[in-house]
1. Which residues, taken from region 74-91, are in a loop (DSSP other than H, G, I, E, B) and crowded, with 17+ Cβ neighbours inside 10 Å?
2. Return only the number of the condition from (1) farther than 26 Å from Ala9 by Cα; (2) modelled with pLDDT of 80 or more that Ser63 does not satisfy.
3. Restricting to region 56-68, and then to whatever is over 17 Å from His41 (Cα atoms) and over 18 Å from the mean Cα position of the chain (by Cα), can you tell me which residue is surrounded by the most Cβ atoms within 10 Å (Cβ to Cβ)?
4. Examine region 75-87 for a residue that is out of contact with any Phe, Trp or Tyr (no Cβ under 8 Å at 6 or more places or on another chain) and farther than 17 Å from Ile17 by Cα, and state whether such a residue exists.
5. Test each condition in (1) over 14 Å from the mean Cα position of the chain (by Cα); (2) exposed (fewer than 11 other Cβ atoms within 10 Å of the Cβ) for Ile71 and report the one that comes out false.
6. Quick check on region 6-27. Is at least one of its residues part of a helix (DSSP H, G or I), surrounded by 13 or more Cβ atoms within 10 Å (Cβ to Cβ), of a type outside the set (A, V, I, L, M, F, W, C) and at pLDDT 85 or above?
7. Quick one: Ile49 ticks every box in (1) modelled with pLDDT under 85; (2) in a helix (DSSP H, G or I); (3) surrounded by 10 or more Cβ atoms within 10 Å (Cβ to Cβ) bar one, so which box is it?
8. Any residue in region 42-55 that is under 16 Å from Leu74 (Cβ atoms) sitting within a Cβ distance under 6 Å of a residue that is part of a helix (DSSP H, G or I)? List the pairs, counting only those 6 or more apart or interchain.
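The values are calculated or read from the model by the stated rules, or taken from the named source; none is laboratory data. Computed from a predicted structure; not experimentally measured. Cβ coordinates were reconstructed from backbone atoms using ideal geometry, including for glycine residues, and neighbour counts include every protein chain displayed.
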Amino acid sequence: MTQKIAVGALVVIFAIILGIGSIIGDLTSLKFGNVDFWQAHGWIFLAMITFFPRLTLFFSSVSSGGLLWWISWLVAPRILVAILATFGYWETNPFLVILSWLLAFGGESSEKLVMSKGVNLNTKKKKHTSEQRADDIEADFKVK
């Protein structure tokens, strides 16, 4: 049930951002880009921007901006990548733009979840019992 709500929320957020971009494009001279992604970048760039968005944005030829750009680079780089992809490649590569939005929301939420709760790599559950078994041995160790 919660996954359906999350997917619905992502679709609504994507539609709102796309609507705002369309309204801004109609009211101003701002237009979505008509450059083909594959003419400007390749598979290596696509992999790097997916897995290492901060480093790729910092060291690549992707446009940088003012204070809002740097704040989003620091706080939510995948969402920044999705916004830049929407404005740059919506006309020629809508599939990649939609994929960037899905990765942005999925990646940012999982990154924040891992950072807030931590990662437990020990998957085996150990059972601690307070009762002693017959084959248990007690030992005292002293460190010199």
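1. Those that are in a loop (DSSP other than H, G, I, E, B) and crowded, with 17+ Cβ neighbours inside 10 Å: Ala76, Trp90.
2. In the conditions (1) farther than 26 Å from Ala9 by Cα; (2) modelled with pLDDT of 80 or more, Ser63 misses (2) alone.
3. Across region 56-68, the extreme among qualifying residues is Gly65.
4. Yes - at least one qualifying residue is present in region 75-87.
5. For Ile71, the exception is condition (2).
6. no
7. With respect to (1) modelled with pLDDT under 85; (2) in a helix (DSSP H, G or I); (3) surrounded by 10 or more Cβ atoms within 10 Å (Cβ to Cβ), Ile49 is out only on (1).
8. Pro53/Pro77; Pro53/Arg78; Pro53/Val81; Arg54/Pro77
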